[in-house]
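The values are calculated or read from the model by the stated rules, or taken from the named source; none is laboratory data. This one's a predicted model, so the numbers in the text were calculated from it and none came from an experiment. Glycine gets a Cβ as well: all are built from the backbone with ideal geometry, and neighbour counts include every protein chain shown. Only protein heavy atoms, including side chains, enter the accessible area calculation; ligands, DNA and RNA are left aside. Shrake-Rupley method; radii C 1.70, N 1.55, O 1.52, S 1.80 Å.
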Amino acid sequence: MIRPPHHTLYQVSTSIALVEGVYQAAVRVGTLLEHGDLGLGTFESLDGEMVIVDGRCFQVRSDGSVHECGDDALSPFAVVTRFAPDEAVMLPECPDLAHLTRRFDALRSSDNFIFALRVDGDFDYVHTRAMCRTREGVPLVQAAAVQPEFEYRNVRGTLVGFWTPEYAKAFNVPGYHLHLVSDDRTRGGHLLQCRGNNLRLQIQREGDYHIALPETDDFLNADLRRDPTADLARAEGEKK
């Protein structure tokens with residue numbers, strides 16, 4: 001097998017498809033891992049949060065449990081890359097997520113590329129959520145309105161994710177999108193807030209962007225013309 005260059009982003013489906021309730025399985029986890037060792041996504045029927053770190057795929061379910069996935073687990077949407085960071089820095093103190101993202105802002109060399117991100121360290125506090133299994137066709141905003149949220153303290157773990165330019169909003173979640181898995185593989189989810197110390201930040205600019213569009217019936221017949229920005233912000237962000 002020829003491995004892709006480490007600055008290639010591989011994505012299955014699009015953010016607008018997810019917004020419109022396209023949750024039918026499109027790819028096996030085994031296929032995703034052929035294209036990268038770091039990434040995130042979700043699972044068939046929106047069944048939890050996907051975290052790919054060090055070439056292993058984990059599912060954080062709505063009951064808070066974390067399971068490592070086999071190659072045959074299925075996903076409707078995922079983004080992966082082969083991670084070899086361009087730069088790494090230490091962040092001694094991180095009072096909140098806004099501080100973390102500002103530090104990454106200073107590391108990003110452009111607002112026009114996608115960047116892969118990884119953070120390792122000790123978190124005093126993390127606030128996450130995990131989507132519930134949802135029937136096909138339910139809009140993402142409606143599904144996200146009932147998502148369970150979790151608050152954890154004293155977690156050593158890893159954040160993985162991406163920063164995506166605004167112009168790519170129909171394909172990927174614009175801005176910062178991060179998922180957590182703890183080192184002991186017992187806690188995780190989509191990151192809403194965090195606070196920590198001695199965090200190691202790593203960043204990689206993605207030069208190639210490959211999107212595999214599903215050939216599922218629901219994707220073929222979906223109306224994907226709507227601007228997803230507002231719905232993504234409501235579904236992905238912390239509730240006010």
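Taking the Cβ of PHE115 as the center, what net charge do the other residues with Cβ under 15 Å away carry, scoring Lys and Arg +1 and Asp and Glu -1? Residues near PHE115 contribute -1 overall. For the chain, the share of accessible area belonging to carbon and sulfur comes to 48 percent (1.4 Å probe, ligands and nucleic acids excluded). Pairs of C-alpha atoms in the chain farther apart than 23 Å represent 44 percent of all such pairs. Charged side chains reduced to their Cβ positions (Lys and Arg at +1, Asp and Glu at -1) give the chain a dipole of some 420 debye around its Cα centre.
When the charge dipole of the chain is built from unit charges on Cβ atoms (+1 for Lys and Arg, -1 for Asp and Glu) and taken about the Cα centre, the candidate among GLY137, VAL119, THR8 whose Cα reaches farthest toward its positive end is VAL119. Solvent exposure of CYS69, expressed as accessible area, is near 20 Å², computed with a probe of 1.4 Å over the protein chains only.
Accessible surface for the chain, divided over its residues, is 43 Å² per residue with a 1.4 Å probe. The accessible area of SER109, taken with all protein chains in place and a 1.4 Å probe, comes to roughly 90 Å².
Ignoring everything except DSSP H segments at least 4 long, calculate the 222 nm mean residue ellipticity for the chain; use -39,500 (n - 2.57) per segment, divide by total residues, nearest 500. That comes out to -4000 deg cm²/dmol.
Going by a ≥ b ≥ c, the root eigenvalues of the Cα gyration tensor, does region 104-154 fall in the rounded group (a/c under 1.5), the prolate group (a/b larger than b/c) or the oblate group? Note, shape of region 104-154 comes out oblate. Here the Gaussian network model covers the chain, with springs between Cα atoms less than 10 Å apart; of ALA17, ALA106, ALA84, ALA106 fluctuates the most. Can you tell me the dipole magnitude for region 132-240 around its Cα centre, using point charges on the Cβ only (Lys, Arg +1; Asp, Glu -1), in Debye to the nearest 20? The dipole magnitude comes to about 600 debye. Across the chain, Cα pairs under 8 Å and at least six residues apart give a relative contact order of 30 percent.
Summing charges over all other residues whose Cβ lies under 12 Å from the Cβ of SER45, with Lys and Arg as +1 and Asp and Glu as -1, gives -1. Here's how it looks for ASN172: its modeled amide H is under 5 Å from those of SER15, which are all 5 or more places away or on a different chain. Under the rule of at least 5 residues apart or a separate chain, name every residue whose amide H is placed under 5 Å from the amide H of GLN193. Amide H neighbours of GLN193: HIS127. Inter-part distance, region 29-104 to region 193-210, computed on C-alpha centroids, equals 11 Å. Taking a sphere under 9 Å around the Cβ of VAL141 and counting the other residues whose Cβ falls inside, with K and R at +1 and D and E at -1, yields a net charge of 0.
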